[in-house]
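Presented below is the structure to which this report refers.
The values are calculated or read from the model by the stated rules, or taken from the named source; none is laboratory data. Here the structure is a predicted model, which means the values were calculated and not measured. Don't worry about glycine lacking a Cβ; one is built from the backbone with ideal geometry, like all the others, and counts go over all protein chains shown.
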Amino acid sequence: MTSNRSARRGPAGRRRVGAAAALAAAATLLAAGCTGPAAAPPGGGGATPPGAATGELRVAVISHGTPGDSFWDVVKNGAEAAGRQLGVKVDYNAAADPASQARLVDNAVAQKAGGIVVSMANPDALRDSVRRAVDAGIPVVTINSGEERSQEFGAITHVGQSEGVAGERAGETLRRAGRTNVLCVIHEAGNAGLNQRCEGARKAFGSVRDLQVDISNPTDVQSRIKGALGTDGSIDAVLTLNPQVAANAVSAVRDAGSSAAVATFDLNADVINAIREGRLLFALDQQQYLQGYLPVTFLKLYRDNANTVGGGRPVLTGPGVVDKSNVDTVGSYAGRGTR
């Protein structure tokens, strides 16, 4: 009976049967793939491909932030969450000094880490250490800073925010807000990414003046911003590149009796509250949780399945604009340490 009904279906009916069979096969493949990176590699009885690494993967995450920095704490949270979910051992370390950071990379190489994740605020200081890791056969993913040198140094990909693109987004947002003269506050000398942010803002906005300050001296930061506002009364926007400096800028605007708007890069609880209360116009969010989470995932996939991500281009995690329209939603996630 079944064969007779099939014969009577004709070409259209047979196409429908073929389509249904194809969909069923695709569903079977999808179900097989849903076990994620920890699944046994394909092959007879789950055999490991020749040359594939086995055992626990240990990843060293080395940032240029200081321990306890709220921004880098979120990066750390992301890396450790990925490690728990994927069964990867994550060792997180941070050093603000580039030479100390390079030594941490060298230590990871000496300890035969299975992968290294490193931010490169000062790429030249890390070049030799990163290349030694690559020469030792350790896959490296760069994050946050150093996008333009990542491929040159041999990293398999870069995860972060394009600082120039983010700067352009800030400039465009300030221009749409009707601002005409911007002060861009650079808080760390030698950090290429910060300069790129101001350059991007200048490209999109036009009239942007840079002000160099030292984040380690908050009183001086506030004084310098106040002085710049007093010297040039036409400044109607202050763009800071760090939440701590944003708080200094808000105080400086108040003390100077200026009506300049303040915008910033990156989020923390104070920035969220300041946006809610109207003391900050907006913040550029680079979703740094992803800068911790994704590289651990990528390194796991690279080891277990020889996957690479990005096709030779960076994997962008931002920028996104956080303002009064979405601050409550984003703030709820920031409160749990994932934004």
**Q.** The lone exception for Thr264 - which of (1) β-branched (Val, Ile, Thr); (2) under 17 Å from Ser119 (Cα atoms); (3) in the same structural domain as Gln212 (by TED's automatic domain parsing) it fails
**A.** (2)
Q.
With assigned by TED's automatic domain parsing to the domain that holds Gln151, farther than 21 Å from Ala192 by Cβ and touching a helix residue (DSSP H, G or I) at 6+ places or on another chain (Cβ under 8 Å) as the only criterion, which of Val117, Val109, Val140, Val105 stands out?
A. Val109
Q) Among the residues of region 232-268, which ones are more than 24 Å from Gly331 (Cα to Cα) and modelled with pLDDT under 95? A) none
Q: Determine, yes or no, whether Gln222 is in contact with a Ser or Thr (Cβ under 6 Å, 6 or more places away or on another chain) and in the same structural domain as Ala177 (by TED's automatic domain parsing).
A: yes
Q: Determine if region 299-308 includes at least one residue that is outside the structural domain of Glu152 (by TED's automatic domain parsing) and surrounded by fewer than 22 Cβ atoms within 10 Å (Cβ to Cβ).
A: no
Q | Within region 216-264, considering residues that are hydroxyl-bearing (Ser, Thr, Tyr) and more than 24 Å from Glu172 (Cα to Cα), the one nearest to the chain's Cα centre (by Cα) | A | Ser216
Q: Would you point out the residue of region 209-252, among those that are part of a helix (DSSP H, G or I) and charged (D, E, K, R), that is surrounded by the fewest Cβ atoms within 10 Å (Cβ to Cβ)?
A: Asp220
Q. Would region 70-79 turn up any residue that is within 15 Å of Lys300 (Cβ to Cβ), assigned to a helix (DSSP H, G or I), at pLDDT 95 or above and small (Gly, Ala, Ser)?
A. yes
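For every residue, the table says whether it meets (1) without any contact (Cβ under 8 Å) to a residue 40 or more places away in the chain; (2) in the same structural domain as Val296 (by TED's automatic domain parsing); (3) over 20 Å from Gly146 (Cβ atoms).
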| residue | (1), (2), (3) |
| --- | --- |
| Ser70 | no, yes, yes |
| Val75 | no, yes, no |
| Arg84 | yes, yes, yes |
| Asn93 | yes, yes, no |
**Q.** Among (1) surrounded by 16 or more Cβ atoms within 10 Å (Cβ to Cβ); (2) more than 22 Å from Ala177 (Cα to Cα), the one test that Arg313 misses
**A.** (1)
Q: Check Gly311 against each of (1) among the small types (Gly, Ala, Ser); (2) at pLDDT 95 or above; (3) not in a strand (DSSP E or B) and name the one condition it does not meet.
A: (2)
Q | Yes/no for Asp285 being closer than 24 Å to Gly200 by Cβ and in contact with an Asp or Glu (Cβ under 8 Å, 6 or more places away or on another chain) | A | yes
**Q.** Tabulated pairs, region 182-211, first at negative phi, second among the basic types (Lys, Arg), C-beta under 6 angstrom, 6+ apart or interchain
**A.** Leu183/Arg209; Phe205/Arg175; Val208/Arg202
Q.
Please determine whether any residue of region 270-283 is within 17 Å of Gly193 (Cβ to Cβ) and either modelled with pLDDT of 95 or more or buried (at least 21 other Cβ atoms within 10 Å of the Cβ) (or both).
A. yes
